[in-house]
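Report on the structure given below.
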Amino acid sequence: MVPVLLLITLATLAAAVVLRHFLPLLRNPGLPKGSFGWPLIGETIAFLRPHPSNTTGGFLHDRIARYGTVFKSHLFGAPTVVSCDEELNHFVLHNEERLFQCSYPGPIRTILGDSSLLVVTGERHRQIRAMFLALVASTGLRPAYVASVSESARSVVASWRGRDTVTFCEEARKFPYKVIMEQVLGLSPDEPVARRILKEYEIFMKGVVSFPITIPGTPFARGMKARKRISDTMEAFIKEREKNGSSKQGVFLDVLLANKDLSHDDKVAFLLDALLAGHETTSVLLSILIYFLGKAPNIVEQLKREHESIRSSKGKEEPLTPEDYRKMDYTQRVINEALRCGNIVKLVHRKALKDISFKGYVIPAGWKVLPILGAVHLDPSHHVDPEQFNPCRWEGLNQTNAKSFTPFGGGARLCPGSEIVKVEAAFFLHHLVLNYRWKVDGEDAPMLHQYVEFKRGLPIQLEPL
């Protein structure tokens, strides 16, 4: 009798799981075409399968061919509308808090923290974003900041003297970290507290990009602990700064501490976000640039000519200026093309706040919506030969404001530091192309998981000029 009851119980539970999985399909007529996959897991595993960053990957390619650029799926535990359509992406990004709201999966909120700019909504998002805009305004193209970036890039490139090869991803992380430590916290990257933060941050980032399993010893669990240790270190540093004051002028931490609208936890989270956004975005963009340029010596030569022209009116180690940056027209095209092919931000997570009709189909209230920004970057109807790295496609065009190019998101959540990232990348390229030729050592490529990653760390062979 007991086995029969057990079988009935298990069958009932299984039926409930299946019904719960497919019930949204029965309740909502007018949905886009698509598939929900298996109960519990949906299509998430296939969706997250790694692929080269300058391709859409098998999952999206197959479903776009089968269903079109907008389709339904079941991802991250929720019924989802996936958009590879530039019009719908633009519509979603520019209707934040009116029709759509930021809605990242629970594990991302867990590891980033509830005060992270990426996950907060409403008034708290506006307050924290205002601080990021203040940070951008305090740096931007101001001469002191630009000179600091130039010197940081020069020193990293100069440290390669006498080396035949470097693991570029490791080197790329040194440059923005130095800038952030100096400009935000007023610290040298060689100071003990800065080294401690960097060590924990590397563990934290491995957790961010890992599968979210909280079992002790997994990368995700270690990442959560590392975030706590970073927060504790930041908190102790803030308390010391509040007690003793700053020994350096123009450090953004002082502006942050003077803000009365943010809680203490918000300020700690802000510093971690600044590290995540500034450090990771710049270092990944640089790695993508070096990868594609390493396969295109003709583009490197054209870059070199532009930077030789800029350097010709300056001393050998004289820092670059805002005026120099404005002369880097071809460099900007190269950076835009790396952003388009690299797809550092593949997608954003949103949910519909109400039932929405768009192009003849319905997006039900409460459903997740995933605008796939990278799919539009690789759509041949918007970009000719989209998988080819071709900076000339940007010549004479103002596509940086177009719906088909959104490497930093858009709308109310447009990355506030997007121009800073470009300045840092341009200045690093300046010092690199004037001092070295390089080629990628062996087979390594930018693979898109949830983030862009080089499996071998992008080893490159150097040839001094």
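The values are calculated or read from the model by the stated rules, or taken from the named source; none is laboratory data. This is a predicted model, so every value here is computed, not measured. Here the Cβ positions follow ideal geometry from the backbone for every residue, glycine too, while neighbour counts run over all protein chains shown. Each accessible area value is taken on the protein alone, full model and side chains, heavy atoms only, with ligands, DNA and RNA left out. Shrake-Rupley method; radii C 1.70, N 1.55, O 1.52, S 1.80 Å.
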If amide H atoms are modeled at 1.01 Å from N in the peptide plane, then the residues at a separation of 5 or more from R437, or on another chain, having amide H under 5 Å from its own are E463, L465
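Quick one: net charge of N343's neighbours, Cβ under 13 Å, K/R +1, D/E -1? Can you show the working numbers first?
Details: positive: R340, K346; negative: E337, D379, E387, E453.
With Lys, Arg at +1 and Asp, Glu at -1, the neighbours total -2.
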Roughly how many Å² of I299 are accessible to a 1.4 Å probe, to the nearest 10? 20 Å²
Accessible-area value, V440, 1.4 Å probe, nucleic acids and ligands omitted, Å²: 20 Å²
For the chain, find the longest principal axis of its Cα atoms and tell me its angle to the long axis of helix 122-139, 0 to 90°, nearest 10. 20 degrees
Once phi is turned into θ = phi - 60°, what whole-Hz ³J(HN,Hα) does the Karplus curve with 6.51, -1.76 and 1.60 give for every residue of segment 177-191, x standing for Gly and Pro? 5, 4, 5, 5, 4, 6, 7, 8, 9, x, 10, 6, x, 8, 5
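How about segment 311-396: which GluC sites (Glu not before Pro) there are in a DSSP loop, with at most 15 other Cβ atoms within 10 Å of their Cβ?
Filter output for segment 311-396: E317, E387, E395.
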The extension gain from H61 to D329, computed as 0.36 nm times the residue separation minus the Cα-Cα distance, is 93.1 nm
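Could you calculate the contour length gain from A402 to K33, that is, 0.36 nm times the residue separation minus the distance between their Cα atoms, to one decimal place in nm?
Values: separation 369, 0.36 × 369 = 132.84 nm, distance 2.74 nm.
Taking 0.36 nm per residue and subtracting the Cα distance, the gain is 130.1 nm.
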Angle between the Cα long axis of helix 281-294 and the longest principal axis of the chain, 0 to 90 degrees, nearest 10? 80 degrees
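If you average the sequence gap of Cα pairs under 8 Å that are 6 or more apart and divide by the length of segment 1-464, what percent do you get for the contact order? Mind dumping the intermediate values first?
Working: 651 pairs, mean separation 114.4, N = 464.
Relative contact order of segment 1-464: 25 percent.
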Report, in listed order, any pair from K178/K267; K295/K327; K304/K422; K33/K351; K206/K422; K403/K455 with a Cα-Cα distance greater than 23 Å. K295/K327; K206/K422; K403/K455
Against the longest principal axis of the chain, how steep is helix 143-158, in degrees 0 to 90 to the nearest 10, with axes from Cα atoms? 90 degrees
Using alpha-carbon positions, what is the distance between the centroids of segment 367-445 and segment 262-301, in Å? 12 Å
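How do K368, K455 stack up against each other in accessible area, from largest to smallest, with a 1.4 angstrom probe?
On the way: K368 15, K455 185 Å².
Order by accessible area, largest first: K455, K368.
Using the Cα atoms of the chain to build a convex hull, what is its mean projected area in square nanometres?
Result: a mean projected hull area of 25.4 nm².
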For a quick protection proxy, order the peptides 424-430, 214-220 by their average other-Cβ count within 10 Å, most packed first. 424-430, 214-220
Centroid-to-centroid separation of segment 105-131 and segment 178-229 [C-alpha atoms, Å]: 18 Å
Of all accessible heavy-atom area on segment 1-464, the percent that carbon and sulfur account for (1.4 Å): 55 percent
Amide H proximity to V70 below 5 Å, modelled H, separation 5+ or other chain, gives C84
Cα gyration tensor shape of segment 37-96, rounded if a/c is under 1.5, else prolate or oblate by comparing a/b with b/c: oblate
With the 1.4 Å probe rolled over protein heavy atoms, segment 1-464 has an accessible area per residue in Å² of 46 Å²
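Quickly rank 196-208, 167-179, 441-453 as a protection proxy: mean count of other C-beta atoms within 10 Å, highest first. Walk me through the intermediate numbers first.
Working: 196-208: 18.6, 167-179: 21.9, 441-453: 16.4.
The peptides rank, most packed first, as 167-179, 196-208, 441-453.
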Students sometimes get this wrong: rank D254, D273 by accessible area, probe 1.4 Å, all chains present, largest first. D254, D273
